[in-house]
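Trainee: Dumping the structure here so I can ask a few things about it.
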Amino acid sequence: MNVQIEIKNAQQIKSAFRMSPYLMTKNLSQAIKRVSYKVQGQSQKITPVKTGFLRRSHRTDFQGPLRATIQPTADYAYFVHEGTRFMKGRPFLADAVEITQGFTDTEFEKAVQDTLDTIGARI
């Protein structure tokens, strides 16, 4: 016995799946930007302030798709964040990541779902 199944929209399915890496990269890159700016903003809010320079020195750089770096550029940022033998660390950037974790999870879930919805709509 031989059973044959014909998929009438096979070309549309192939086309949609060929686009999926591009769409996923695009949507995740946008999510990374939103998350990076949210983390930077939160970090700036909770950064210890003496003169305000450390707080103002925060920068976010995007090195390409799916990659971002958030860092304060003040020379002494590491020592404030990690501490020294004379003072306890105040991990403002690590705390900001933790505080914004719910936002981060939601943004990445939305990026994946948007990609799947777009692929599904093309089939």
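No value in this document is a laboratory result; all are computed from the given coordinates. Computed from a predicted structure; not experimentally measured. Quick reminder, even Gly has a Cβ in these numbers, built from the backbone with ideal geometry, and neighbours come from all protein chains shown.
Trainee: Residue separation times 0.36 nm, minus the C-alpha to C-alpha distance between Thr106 and Arg85: what's the value? All intermediate terms of the calculation are to be shown ahead of the outcome.
Mentor: Values: separation 21, 0.36 × 21 = 7.56 nm, distance 3.85 nm.
Between Thr106 and Arg85, full extension yields 3.7 nm more.
Trainee: Once label points are set 7 Å from the Cα along Cα→Cβ at both Ile13 and Thr25, what is their separation, rounded to one decimal in nm?
Mentor: Simple spin-label model gives 2.5 nm for this pair.
Trainee: Enumerate the amide H contacts of Arg90 below 5 Å, restricted to partners 5 or more residues apart or on another chain; note that Pro and chain-start residues carry no placed amide H.
Mentor: Excluding prolines and chain starts, which carry no amide H, the hits are His81, Glu82, Gly83.
Trainee: Among the listed pairs Lys33/Lys88; Lys45/Lys110; Lys8/Lys110; Lys50/Lys88, give every one whose C-alpha distance is greater than 21 Å. Intermediate values should be presented prior to the final figure.
Mentor: Working: Lys33/Lys88 31 Å; Lys45/Lys110 26 Å; Lys8/Lys110 30 Å; Lys50/Lys88 16 Å.
Going by Cα-Cα distance, Lys33/Lys88; Lys45/Lys110; Lys8/Lys110 fall outside the 21 Å limit.
Trainee: Please tell me the relative contact order of segment 35-122 in percent, rounded to the nearest whole number, where contacts are Cα pairs under 8 Å and at least six residues apart. Let's see the in-between values first.
Mentor: Numbers: 87 pairs, mean separation 24.8, N = 88.
Averaging sequence separation for qualifying contacts and normalising by length gives 28 percent for segment 35-122.
Trainee: Moving on to the next point. Size of the dipole of segment 35-122 about the Cα centre, Lys and Arg at +1 and Asp and Glu at -1 on the beta carbon, nothing else charged, in debye to 20? Mind showing how you got there, number by number?
Mentor: On the way: 12 positive and 10 negative charges, 104 e Å.
Using only the charged Cβ atoms, the result is roughly 500 debye.
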